[in-house]
Structure formats: structure tokens, C-alpha cells
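Only one structure is covered here, and it is reproduced in the block below.
Please treat every number below as a calculation from the coordinates, not as lab data. Owing to the predicted nature of the structure, the values given are computational and were not obtained by experimental measurement. Neighbour counts are summed over all protein chains in view; Cβ atoms, including those assigned to glycine, are modelled from backbone coordinates with ideal geometry.
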Amino acid sequence: MQRDGTSHSTPVTSPNNVTPLFRRERVRLHDGQVSGKSLQQRWKSRLSLLLKAEISLHRANRLRAFSLTLIVIATLMLSFSLYTAPVLPPWVFAVEVSVILLGILTLPASLYFCKECRRHRDYLSRKFYESNHEVEYKDDALVLINRSTYTTVTRVLLTDI
């Protein structure tokens, strides 16, 4: 009941342009019709994001491999220098220990960076899969394929980034 004594009921169904929770009119950036050129640009920008994520994942893997290699080489050199201790000067021992400590300190950061880059790349890849597309590497290009028709939607050259 309202204050004037009449009862009005609101319709249960809401129109398509009104959000159900706040009863506000939805704002659309376009009328649903997207031009082919803008769609192509959107796919290319998404592919370039995936390519950048892939590149950062490779960098993270190289950083992880470098820190692991640094630890292994410094440990082997330290063990050899301990075996031949009377011949080597003490500063070599200090340098080897500091290199091992540096590698041990950078290893957790590089592992975390690698994990985050992989998670980000997988998230972007999952978005393509959910939109019924797949991404393949062919002839120095990243190719987006529509899985329903197996046609090439667009491609981004690896040298463009």
C-alpha cells in the first residue's frame, strides 16, 4: 500500500535495458552491431596480450633457469675450492658463498614470478577457449582459429610486438 491508500504492484519481469538489482537503465557502448574492422582490431589486441604474456613467461623461465644454474655452478665451485683449499685465496671462498646466497635469494622471487606469468597466460588462453576459439603458432605468427568452423579469424606476427 502506498501513502494515498492505493496499492500498486510493480511488474515482476523487468525490461531488457534495466538492471534487475538496482533498477537502473543499462548503458550500452554500442547497439550490438560491431563492424568487422573493429572486431578484427579487438581480436588482434587480445592476441597481442596473449603474446606479451607468453613472452613474459619465457623471460620468467629464463630467470628461474639462470638462478638455478648460478646456484649449481657456485656450489660445485665452492665444493671444489674446499677440496683444494690451500691453493685458492680466501676472497674466492667469499665470492662463491655470496654468489650462492644471491642465487638462493633470487630463486623464490623467480619461482613466484614464473608462477604468476603462467597463471596470467593460462587465464588469457582460457578466455579464448571459452569464446570457442583456439590459438596456434604457425609460421612466425599467432593465429586465432574459430573452432566451430575451423577458419582463421585473424593473425598477429611475432615480430609485431
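The modelled label-to-label distance between Thr151 and Arg59, using points 7 Å beyond Cα along the C-beta direction, is 3.7 nm.
For Leu158, the residues whose amide H sits under 5 Å from its own are Ala141, Leu142, ignoring neighbours fewer than 5 places away on the same chain, with H placed 1.01 Å from N.
In nm², what is the average projected area of the convex hull enclosing the Cα atoms of segment 42-157? Could you put the intermediate results ahead of the total?
Details: hull surface 37.8 nm².
For segment 42-157, averaging the hull's shadow over all directions gives 9.4 nm².
Estimated at 0.36 nm per residue, the fully extended path between Asp140 and Ser98 surpasses their Cα-Cα distance by 11.0 nm.
Using alpha-carbon pairs under 8 Å, 6+ residues apart, how would you state the relative contact order of segment 42-157 in percent?
30
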